[in-house]
Amino acid sequence: MLAQILPGFRDFRTPLVTGYLWIVVLWILIGMPLPDKNTKDGVMGAINSIGEFFTPTVYIAALSFLAYVIGMLLMVDIKQGSTIRLGSRLKLPYVSRTDRAVVEGHVEAALHRARIRAADGYKIQREFRLEPMLTTEEAYNDFRIDHQEDEPSMNEEWRKYALRQLKEPMVEEIIKSIPSLAIKLQDKNAVLFGSYDRDKSESEFRLSIAPPLAFLSVQFVVLGLDRSFLLWPWAGYVGLIAVVALIVKGFQKRFSSVNVVVTALEIGTIESQMTTRLDAIPEDNYPKKTASM
């Protein structure tokens with residue numbers, strides 16, 4: 001029961017806390033007005049005029065809903081492919097160099113299998129929509145002459161070209177598919193998926209609350225410049241240090257969650273669609289027609 005509740009709670013916690021922090025930032029920006037039941041004008045006056053119809057619980061529920069919506073809009077989205085996006089401007093790394101190297105090794109193994117069993121290069125090109133090696137009838141004729149119309153030799157040359165073209169797109173596509181691979185992991189190994197989901201949620205939480213905390217810290221420093229209350233600036237300095245720590249820890253958790261999926265891919269617990277498609281391409285003769293080129 002608890003194992004089923006916790007993932008949902010983690011998903012709800014991040015946007016709610018993030019939204020509340022942004023509301024506090026906005027509250028400080030507009031001058032920190034306090035509720036006054038005697039106010040008759042403005043937003044506070046409108047709230048007071050209908051206050052007798054609602055209980056404090058309703059106000060808290062409405063504020064929480066508003067915070068949740070704000071948090072959903074402003075939380076860091078780390079479900080993108082090879083980048084983590086904050087809004088549309090900030091791009092951050094999605095996988096560590098070590099995990100990228102593991103994915104590249106996984107791809108190299110798939111390409112090696114294709115070489116060993118002499119998978120048809122022309123079919124690889126068409127299956128993955130790669131740039132054609134030969135684009136004209138004249139180029140194709142020259143190609144046949146250069147290889148003395150030896151079908152196995154031509155097929156090998158085409159296969160080498162197709163596999164070279166496929167390597168980098170295949171690596172990027174597998175990295176982009178990590179969230180969907182994690183869903184496969186949920187079916188294959190619930191323990192590993194739980195580790196992935198926990199680390200992913202912690203990463204989202206830490207990276208999402210870091211920006212509003214940074215704004216709050218700067219606000220505390222600014223507020224302390226023209227006030228005698230010395231706690232304001234120091235609270236801001238401590239907050240900025242905490243923000244840096246949150247970002248570092250957030251990336252560590254992000255890389256840790258991705259590492260779970262990459263490791264499962266490496267040991268064969270799950271399979272990527274890209275390697276499955278490549279493994280399914282059979283050995284065949286070199287195509288005689290060039291019309292589809």
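The values are calculated or read from the model by the stated rules, or taken from the named source; none is laboratory data. All values derive from a computational prediction rather than experimental measurement. As a convention, Cβ positions derive from the backbone with ideal geometry for all residues, glycine included, and neighbour counts pool all protein chains shown. These accessible areas exclude ligands, DNA and RNA; they are computed on the full protein's heavy atoms, side chains included. Shrake-Rupley method; radii C 1.70, N 1.55, O 1.52, S 1.80 Å.
State which residue is nearest to ILE70 (Cα to Cα) when the search covers only the stretch 187-201 and only residues that are open to solvent by 40 Å² or more (accessible area, probe 1.4 Å) and of a type outside the set (A, V, I, L, M, F, W, C).
ARG198
With LEU225, LEU216, LEU246, LEU231 as the choices, which residue is out of contact with any His (no Cβ under 8 Å at 6 or more places or on another chain), more than 30 Å from ILE183 (Cα to Cα) and modelled with pLDDT of 90 or more?
None of the other options fit; the residue is LEU216.
Checking LEU225 against (1) open to solvent by 80 Å² or more (accessible area, probe 1.4 Å); (2) under 20 Å from GLU127 (Cα atoms), which single condition isn't satisfied?
Failing condition for LEU225: (2).
Among the residues in the stretch 203-211, are any acidic (Asp, Glu) and open to solvent by less than 20 Å² (accessible area, probe 1.4 Å)?
yes
May I ask you to list pairs of residues, at least six apart or on different chains, whose Cβ atoms are under 6 Å apart, with the first in the stretch 6-29 being within 19 Å of SER203 (Cβ to Cβ) and among the basic types (Lys, Arg) and the second being in a helix (DSSP H, G or I) and modelled with pLDDT under 95?
If the second residue must be in a helix (DSSP H, G or I) and modelled with pLDDT under 95, the pairs left are ARG10/SER201.
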